[in-house]
Amino acid sequence: MSKVIQLHRRKFIAGGVLIGAWALVQNGILPNPFYTPGVQNIEKRYSSLGGAKNHQPAVATKKGDSEDVVGRQETQKGMGTPYHQEKIGEQRSDPSTFDKTWNQAQYHAEKGK
């Protein structure tokens, strides 16, 4: 065993230093060398356009605020909501007689889908 240590002493020292540095970075004692100002700028721009700093959320977020990454679930305005029915849903023109017949046959409703 001592012969192995004598032959590979520098490799053991280098490995110990790397493991120690990795442990210090993981515990927050040393800063992450890959978290450069360029990475920080990219994160800020990405999150100000509605994304989170490290992933793309599956909900709509407010643009322009890099710290606000929570979706607007309580203020939905999409299809199927009362807001859409009241403001946008009635903007469709009334279908013609042929269209009413077609819609009734295909979708079981005169106005269509």
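The values are calculated or read from the model by the stated rules, or taken from the named source; none is laboratory data. Just so it is clear, the model here is predicted, and its values are computed rather than measured. All Cβ positions, glycine included, derive from the backbone under ideal geometry; neighbour counts span all protein chains shown. Ligands, DNA and RNA are excluded from the accessible area calculation, which covers all protein heavy atoms including side chains. Shrake-Rupley method; radii C 1.70, N 1.55, O 1.52, S 1.80 Å.
Return the residues of region 81-113 that are assigned to a loop (DSSP other than H, G, I, E, B), surrounded by 10 or more Cβ atoms within 10 Å (Cβ to Cβ) and either touching a residue at least 24 places away in the same chain (Cβ under 8 Å) or not acidic (D, E) (or both); say none if nothing qualifies.
As a first pass, look at region 81-113 and keep what is assigned to a loop (DSSP other than H, G, I, E, B): 81, 88, 92-96, 108-113.
From what's left, surrounded by 10 or more Cβ atoms within 10 Å (Cβ to Cβ): 81, 88, 95, 109-112.
Listed by number, the residues that qualify are T81, I88, P95, A109, K111, G112.
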| request: Take region 25-51 and flag every residue that is open to solvent by 70 Å² or more (accessible area, probe 1.4 Å) and assigned to a helix (DSSP H, G or I). | output: Q26, P37, N41, I42, K44, R45, Y46
